[in-house]
Amino acid sequence: MRVLSGIQPSGQLHIGNFFGAIRQHIALQAEHDSFYFIADYHALTSNPAPADLARRTIEVAMDYIALGLDTEKTVFWRQSDVPEVTELAWLLSCITPMGLLQRCVSFKDKVAQGISPNHGLFAYPVLQAADILIYNADLVPVGADQKQHIEVTRDIAERFNNTYGEIFTMPKEHIIKQVAVVPGVDGRKMSKSYNNTIGIFESEKSVRKKIMRIVTDSTPVAEPKDAEKCNVFALLKLVAKEDELAEWKNKYEKGGTGYGDVKKRLAELIVEYFEPFREKRAELENNIDYVEKLLAKGAERAAAVANKKLAQVREVVGLRK
Ligand code: ADP
Ligand code: TRP
């Protein structure tokens, strides 16, 4: 079973991303033949500054490796290092009805937000289909917002297979279950668009400062408190062991414990939890050439699969073999 997914290089990862998605992503590699890439071609649809795109791409590569992606086990590469995928995207475009893309919710949402769409944004799902089909993926782990893109991929694959013969594997989505919404320091969902995040690789000092500022209610220290309604407790649940968590819950209910005490302990636990990842990340940061080498090796492994598939497709559509 081949598992494949693309990761958008979209800036600093926060602990909401980690507990909500990345952890599950990385866990899947242990059980399957896995292919993960950094979707830099897709990122171009929002016209990032060139230096930003290049930097974010290498940063997200370092982030994933530091968080446990094993580049021996997983084929891990930068999408644009295997440009054959864009040729397949063109070949698929020519059998993709406009209507199929016009119905895509993520495109419609962007337009509704007032973004004036470029053609790349419109064609985004076709490139995504090419990503999936060129590598013969069986299973595509994604967030719920990407479900429709996988359906579009199946639709395109089916049209192609019906027209030219059984060339493509039919992929299935694997929707990553949302364990819980991780709250940000202001109590809303942690999100880079709300500026309320705690970064996975942020300095220890900054993490502590942010945690001490998490919004809580104004129940006096002596009074009992409802742990389940508390943002600090919601974060504590992610990093504390069960028995410690039960102890804190008890303290909340009894009263006599201030939010400041819970925050201090939360900061300790979060710093401790991410410490090994932070160390690994710092090592990689000091050795970007090594990271580039790992990505180049990944691209070589990916290209071997892509070239084979593309040759088959070129032949069946009537191009030179
Ligand atoms: P952001 O809201 O910061 O822009 P993204 O939309 O890029 O985050 O999310 C990337 C992945 O991380 C998605 O799979 C999403 O479900 C998960 N994720 C993001 N924020 C949270 C959160 N606060 N709690 C749980 N999961 C989250
Ligand atoms: N569109 C995906 C996202 O925004 C990223 C992506 C690009 C992808 N190509 C893919 C995901 C192929 C899965 C498979 O998250």
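What GluC sites (Glu not before Pro) does the range 216-321 have in DSSP loop regions with at most 15 other beta carbons within 10 Å? Don't skip to the end; give the middle numbers.
Working: sites: 228, 242, 244, 247, 253, 268, 272, 279, 283, 285, 292, 300, 315; in loops: none.
Filter output for the range 216-321: empty list.
Between beta-carbons, use under 15 Å as the cut-off and find the net charge around residue 112, counting Lys and Arg +1, Asp and Glu -1. Spelling it out: positives minus negatives among the neighbours equals +1. Per the Debye formula on identical point scatterers at the alpha carbon atoms of the chain, with no solvent, log10 I(q)/I(0) at q = 0.09, 0.14, 0.16 Å⁻¹ is -0.54, -1.11, -1.33. Rounded to the nearest 10 degrees, the angle from helix 288-317 to the longest Cα principal axis of the chain is 40 degrees.
At 0.36 nm per residue, minus the direct Cα-Cα distance, what do residue 275 and residue 158 gain on full extension? Give it in nm, one decimal, please. Present the calculation step by step, with values, prior to reporting the outcome.
Details: separation 117, 0.36 × 117 = 42.12 nm, distance 4.66 nm.
Gain on extension, residue 275 to residue 158, equals 37.5 nm.
Over the range 202-281, Cα pairs under 8 Å with separation of 6+ residues give a relative contact order of 40 percent.
Determine the gain in length on full extension of the stretch residue 33-residue 283; use 0.36 nm per residue of separation and subtract their C-alpha separation, reporting nm with one decimal.
Numbers: separation 250, 0.36 × 250 = 90.00 nm, distance 2.70 nm.
Stretched out fully, the residue 33 to residue 283 stretch lengthens by 87.3 nm.
From Cα pairs below 8 angstrom and at least 6 apart in sequence, can you work out the relative contact order of the chain, rounded to a whole percent?
Numbers: 441 pairs, mean separation 72.8, N = 321.
RCO, the chain: 23 percent.
Springs between alpha-carbon pairs under 10 angstrom, Gaussian network model over the chain: which of 295, 44, 266 fluctuates most? Highest fluctuation among the options: 44.
Build a GNM of the chain with springs between Cα atoms under 10 Å apart, and of 74, 216, 169 the one that fluctuates most is 216. Of the residues 40, 186, 81, the one that moves most in a GNM of the chain with alpha-carbon contacts below 10 Å is 186.
In plain terms, if you count all Cα to Cα distances in the range 69-202 and split them into 5 Å steps from zero, the share in each step is 2, 9, 15, 17, 18, 16, 12, 7, 3, 1, 0 percent. Each peptide in 201-209, 133-141 was scored by the mean count of other Cβ atoms within 10 Å over its residues; highest first, the order is 133-141, 201-209.
To the nearest 20 Debye, how big is the dipole of the chain about its Cα centre, given +1 on the beta carbon of each Lys and Arg and -1 on that of each Asp and Glu? Each step should come with its number before you reach the end.
Numbers: 43 positive and 43 negative charges, 109 e Å.
Using only the charged Cβ atoms, the result is roughly 520 debye.
In this calculation the C-beta distance from residue 51 to residue 148 is compared with R0 = 41 Å, giving a FRET efficiency of 0.80.
Computed over the range 202-281, the alpha-carbon pair-distance distribution with 10 angstrom bins reads 18, 51, 25, 6, 0, each value a whole percent.
Please give the FRET efficiency for residue 311 paired with residue 215, using the beta carbon to beta carbon distance and R0 = 45 Å, rounded to the nearest 0.05. Once the sixth-power term is evaluated, E becomes 0.20.
Per-residue ellipticity at 222 nm computed for the chain from its helices equals -17000 deg cm²/dmol, with DSSP H segments shorter than 4 residues left out and the rest contributing -39,500 (n - 2.57). Each label was represented as a point 7 Å from its Cα along the Cα-to-Cβ direction; for residue 113 and residue 296 these points are 3.6 nm apart.
Summing Lys and Arg as +1 and Asp and Glu as -1 over all other residues whose Cβ lies under 15 Å from the Cβ of residue 122 gives a net charge of +2.
Computed FRET efficiency, Cβ-Cβ of residue 268 and residue 138, R0 30 Å: what is it to the nearest 0.05?
On the way: r = 42 Å, r/R0 = 1.40.
Calculated transfer efficiency: 0.10.
With the crude spin-label approximation of a point 7 Å out along Cα→Cβ, what separation in nm comes out for residue 188 versus residue 24? The two pseudo-label positions are separated by 2.4 nm. Computed over neighbours whose Cβ is under 9 Å from that of residue 295, the net charge equals +1, Lys and Arg +1, Asp and Glu -1.
Since every read-out is calculated from the coordinates, none of them should be taken as a lab result. Quick caveat: nothing in here was measured; it's all calculated off a predicted structure. Cβ: placed from backbone, ideal geometry, glycine included. Neighbour counts: every protein chain shown.
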